[in-house]
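Below is one structure, written out as structure tokens; the observations come after it.
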Amino acid sequence: MKALILVGGFGTRLRPLTLSIPKPLVEFANKPMILHQIEALEAVGVTEVVLAINYQPEWTLYFSGDVNFLKEDRATRAAGPLALARDKLIDGSGEPFLSLTVMLSVDEPSKCGVVVMEETTGKVDKFVEKPKLFVGNKINAGIYLLNPSVLDRIELRPTSIEKAIFPKIAAEKKLYAIVLPGFWMDIATGHHIVGNVLVHESAKIGEGCLIGPDVVVGPGCVVEAGVRLSRCTVMRGVRIKKHACISSSIIGWHSTVSQWARVENMTILGEDVHVWDEIYSSGGVILPHKEIKSSILKPEIVM
């Protein structure tokens, strides 16, 4: 079976990290987020993966072999890449393919697209986007098993498959859903993430450090003596010097936080940012390749 993963967005809500690489390549638990998906697909028998991308050449540095790339010249929303990928997804066998949406039950469906369906048969009645009144608690989580004939319904233009294609199929009573009981979360927000400490085996931790809770330290990082880390993500190749303190923040790739610096309150450092000695940052969002020589006392963007 083949699978198509739509990864053509610009990840604006995760900037400045996504100014350097696409959002799906940002590490989650020391592994690119999309690699978790690809490994899960492989585990259930998918033999070929197609990634629909529209910018940034970094994709080809991470994947090879049975991962193919489909480049969009412009954003075409959810259905457009399906039309573009027609030749890669159809081989004449008529075998269905996956496009990574299943249905899940959630506590707050008003924040998601809700699927109204028959509980006994799984037949989908309609989709309701972010309903103000309760219509159900089954949400569309983004994994579709599609018959190749569905591609004949899609025009090569910006198209929403949920708004333009699925309502027509549902009206023909040919659209069904499966409710899965497993874990799901939206990677655009992090308030559901739980966990303790994950330190890559190649990272070096100095004496007298206090690390945790909820900390990830990436490969090749150097954490010098006396450092305090809590509720933070430290990306690949970062150096944190003696007695620095980082809390509730993200430190981008190959950045440096110098000694006695304090970084907290959702400070986000882009790639290759250098924070000088004894600097304090509260909520600073720093774009890549910057040097921070003076303290940031309130949330602001440093360009």
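Values quoted throughout were computed directly from the atomic coordinates according to the rules given, and no laboratory measurement underlies them. Nothing here was measured: the structure is a model prediction, and the numbers come from that model. Positions of Cβ are generated from backbone atoms using ideal geometry, with glycine treated the same way; all protein chains shown enter the neighbour counts.
Summary table below
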quantity	calculated
Cβ-defined net charge surrounding I211, 13 Å radius [Lys, Arg +1; Asp, Glu -1]	0
Positive minus negative residues near I240 (Lys, Arg vs Asp, Glu; Cβ under 11 Å)	+4
Three-way shape label, segment 162-303, alpha-carbon gyration tensor, a/c 1.5	prolate
Three-way shape call for segment 221-291 based on the alpha-carbon gyration tensor, with the a/c threshold at 1.5	rounded
